[in-house]
Amino acid sequence: MLKRIDGGVYLSKDGKLIEASEGQKLYGEACDAREKTMSYSIMRNHSKTNYKDKMNIKFDALISHDITYVGIIQTARASGLTEFPVPYALTNCHNSLCAVGGTINEDDHVFGLSAAVKYGGIYVPANMAVIHQYAREQMAGCGKMILGSDSHTRYGAIGTMGIGEGGPEIVKQLLSNTYDIDAPKVVLVYLENAPKKGIGPQDVAIALVGETFKDGYVKNCILEFAGPGVKNLSMDFRIGIDVMTTETTCLSSIWCTDEKTKEYLTIHGRKEEYKEIKPEDGAYYDKAVVIDLSKIESMIAMPFHPSNAYTIHELCENASDIFHEIEESAKAQFGDKVSYKLSDKLVDGKIMVDQGVIAGCSGGMFESICEAAAILDGKSTGNGYFNLSVYPSSIPINVALINNGVQAKLLEAGAVFKPCFCGPCFGAGDVPSNSALSIRHTTRNFPNREGSKPSDGQLSGVALMDARSIAATAAAGGVLTAATDVDYNDCDFTYKFDNSSYEKRVYNGYGKAEKDAELKLGPNITDWPRMYPLGENVLLKLAAVIHDEVTTTDELIPSGETSSYRSNPLRLSEFALSRRVPEYVSRSKAVRDAETERRNGNIPEEYKKVLDSIGENLAENTQIGSCVFAKKPGDGSAREQAASCQKVLGGLGNICYEYATKRYRSNCINWGILPFTIDKNTKFDYEDGDYIFVEGIREAIKDKREKIEGKVITKTGKTEKIELVISGLTDDEREIILDGCLMNYYAERMNK
């Protein structure tokens with residue numbers, strides 16, 4: 001289905017792939033020919049500097065949802081914000097359910113509207129649209145760049161480069177600063193032929209993620225989609241693949257545009273946003289992935305990662321062995337906390353599924369829902385344990401599904417329609433029962449992503465599938481079924497976009513800031529606690545040591561019900577690592593309290609003893625903080641709270657072999673957490689309660705030293721050397737770390 005080309009490749013104007021050595025003779029050096037890619041053309045047009053190896057980008061528009069925008073605006077306000085400099089949309093698709101915590105969620109929404117009025121923003125009320133569908137329908141345009149505080153900010157299929165980052169990067173843009181990155185590598189995704197009936201975008205996406213994630217093949221690269229197969233895909237199909245590129249850990253994505261792109265923008269009333277985008281003759285790509293669309297099978301990504309990919313037929317043929325592997329992985333990760341059995345789902349040689357969900361920015365698309373209805377037309381989901389929920393991604397899509405009769409067909413079959421909501425993607429909607437297997441056309445299936453709590457003995461599993469195979473499974477009463485194995489009528493995908501709901505309900509205040517308007521602050525919306533500049537030396541106490549191969553942001557700060565406290569840093573921090581290392585919060589708080597005592601001139605005896613064992617008179621100039629070790633932290637969501645909660649609890653450093661994503665490392669830097677790495681061959685066999693002392697860290701950051709010697713002091717008193725690395729910091733990032741966090745960085749400059 002997929003083939004990788006590792007040695008670099010050139011693309012000719014007639015769409016032929018030319019291997020690197022031959023292409024170099026025809027088109028010149030790779031570094032120059034890379035400039036001919038769509039990616040570099042767009043990024044260079046948005047970069048405010050002309051450095052060959054750097055990009056300093058200003059975006060055309062920004063977008064956030066109601067898990068992130070309160071903290072972003074509060075941070076920007078504390079840093080001198082007076083008006084949004086570009087269109088900034090505040091959507092309400094995550095915290096749109098009633099909160100157990102009372103008025104919390106709606107208080108955030110009222111704050112969002114008041115901020116849109118005061119600073120000149122766009123406010124999309126709850127349940128009107130999920131964040132990325134609103135951006136596709138109302139903000140994306142060919143050649144544009146959009147920055148979003150959500151990891152699935154991907155609009156490449158519409159010719160827009162979307163990048164998902166943590167909130168501090170949005171703050172920088174709001175304050176008219178740049179997004180600074182090294183010039184990235186570009187990977188060609190070359191599409192051939194056409195998919196067969198029953199295959200949907202999630203099938204292609206799962207195959208792509210399965211091929212590229214595990215070895216970091218495209219990590220922090222731009223994926224560029226081209227080739228003769230592009231023309232054989234509808235816009236919804238392209239969008240469905242594109243949004244899942246986040247799961248490969250690439251930085252962004254971009255597609256060739258064509259008449260279908262033009263038609264899409266015309267339907268949405270924005271024909272003027274179209275222009276042709278394609279690679280120039282001889283564009284160079286560092287790697288390539290060739291996908292023969294005709295060979296893609298119905299796919300399933302099993303718990304607990306989108307890269308755990310199988311064909312549905314392969315799973316059905318080898319269910320016992322695959323289920324056993326997943327059960328063992330759960331046991332390795334959660335130990336005796338939970339008992340998770342998938343083997344129970346194998347009944348009389350068939351795999352029985354408990355729940356189906358079609359939702360969000362990947363699944364809730366018009367064509368996917370239409371085709372699901374065609375498969376279920378005249379059939380029944382049954383009245384047993386299996387149930388099916390459908391969440392359209394916007395009100396305009398829902399209106400179209402009502403008008404063409406699709407919603408009625410699905411309701412008649414037993415499906416339940418729900419509002420435009422991202423909950424099933426992050427654990428706040430359709431939480432399955434304990435030990436259940438849920439199949440979802442959503443974006444992720446990390447442990448506890450769907451809302452279970454392993455620390456409380458609860459665990460269910462999510463498998464990702466395309467809406468078509470979910471519908472086929474529903475028609476079979478919950479027996480896992482590939483859509484390619486069922487016969488159904490072709491669909492009419494004629495789509496009419498009705499903008500009236502947006503015209504009547506969305507507040508569009510861009511360029512009309514009412515600076516004297518009052519911000520409406522509910523009782524849960526609080527300011528950030530004080531954060532201090534980096535000390536001359538640091539003493540880090542390990543508060544969590546995690547040896548999992550990958551640690552997700554959902555483990556660092558769980559999603560789901562915790563999202564109600566996103567506007568209250570102190571309350572939210574109580575959930576940090578709660579489902580992975582429940583003891584972390586109390587351990588880190590104790591370290592934070594010790595630093596408070598030190599600043600008051602009364603360092604606790606435990607810490608004094610450690611410092612005295614290293615040298616004399618260190619307490620005055622040594623900042624104390626907690627530290628997390630994980631092999632590869634930060635896969636998944638862009639939410640900056642994964643880092644900010646550590647800082648609020650007294651976190652001062654992270655140590656790892658590598659960061660899973662650029663965005664998590666950036667979040668750490670922006671919150672003043674030292675982003676240490678160690679050599680992959682270094683054995684880290686230290687435990688919580690051990691200390692790491694780094695002498696002269698402030699001077700090392702100032703001097704741009706990347707290798708820094710530290711001392712490990714174990715609980716038994718043993719002392720060892722450890723080489724810590726902080727590489728690739730920009731000048732601004734060094735200043736942010738020295739100042740203690742991004743807010744301090746801006747406050748320091750405001751006062752000068």
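The values are calculated or read from the model by the stated rules, or taken from the named source; none is laboratory data. Predicted model, so just to flag it, every value in this text is computed and none were measured. Virtual Cβ from ideal backbone geometry, glycine too; neighbours counted across all protein chains shown.
Annotations
- Verdict on Ser368 being at pLDDT 95 or above, over 24 Å from the mean Cα position of the chain (by Cα), part of a helix (DSSP H, G or I) and not aliphatic (A, V, I, L, M): no
- Of all residues in segment 311-348 being of a type in the set (Gly, Ala, Ser) and more than 28 Å from the chain's Cα centre (by Cα), the one that is nearest to Ser452 (Cα to Cα): Ser339
- Counting only helices (runs of 4 or more DSSP H) that sit completely within segment 694-752, those holding 2 or more residues that are at pLDDT below 95 correspond to 731-739, 742-750.
- Residue match in segment 501-509 (condition: surrounded by fewer than 19 Cβ atoms within 10 Å (Cβ to Cβ), of a type in the set (D, E, K, R), at pLDDT 95 or above and under 27 Å from Gly71 (Cα atoms)): yes
- The set of residues in segment 107-156 that are touching a Ser or Thr at 6+ places or on another chain (Cβ under 8 Å), over 28 Å from Lys520 (Cβ atoms) and not charged (D, E, K, R) comprises Ala140, Gly141, Cys142, Gly143, Met145, Ser151, His152, Gly156.
- Some residue of segment 345-359 being within 30 Å of Asn92 (Cβ to Cβ), of a type in the set (Gly, Ala, Ser) and in contact with a Cys (Cβ under 7 Å, 6 or more places away or on another chain): yes
- Close pairs from segment 9-35: first in a loop (DSSP other than H, G, I, E, B), partner of a type outside the set (S, T, N, Q), Cβ under 7 Å, at least 6 apart: Ser12/Ile18; Ser12/Asp281; Ser12/Gly282; Lys13/Asp281; Gly15/Gly227; Gly15/Pro228
- Ser96 satisfies every condition listed in (1) small (Gly, Ala, Ser); (2) over 27 Å from Cys142 (Cα atoms); (3) part of a strand (DSSP E or B) except (3).
- Residue count for segment 390-422 satisfying the condition of being outside any loop (DSSP other than H, G, I, E, B) and within 15 Å of Ala474 (Cα to Cα): 8.
- Residues that are among the β-branched types (Val, Ile, Thr), at pLDDT below 95 and either over 11 Å from Gly356 (Cα atoms) or in the same structural domain as Gly120 (by TED's automatic domain parsing) (or both) within segment 460-500 comprise just one, Thr494.
- Picking from residues in segment 527-563 that are surrounded by fewer than 22 Cβ atoms within 10 Å (Cβ to Cβ) and among the acidic types (Asp, Glu), the one that is modelled with the highest pLDDT is Glu536.
- Check on Ile146, in a strand (DSSP E or B), of a type in the set (A, V, I, L, M) and under 19 Å from Arg444 (Cα atoms): no
- Residue satisfying condition, being surrounded by 20 or more Cβ atoms within 10 Å (Cβ to Cβ), part of a helix (DSSP H, G or I) and on the phi < 0 side of the Ramachandran plot, within set Ser626, Ser637, Ser644: Ser644
- Given (1) farther than 28 Å from Cys221 by Cβ; (2) part of a strand (DSSP E or B); (3) not acidic (Asp, Glu), index of the condition Gly71 fails: (2)
- Of residues in segment 307-345 being in a helix (DSSP H, G or I) and aromatic (Phe, Trp, Tyr), the one surrounded by the fewest Cβ atoms within 10 Å (Cβ to Cβ): Phe334
- Count of residues meeting criterion [within 15 Å of the chain's Cα centre (by Cα) and part of a loop (DSSP other than H, G, I, E, B)] in segment 423-446: 6
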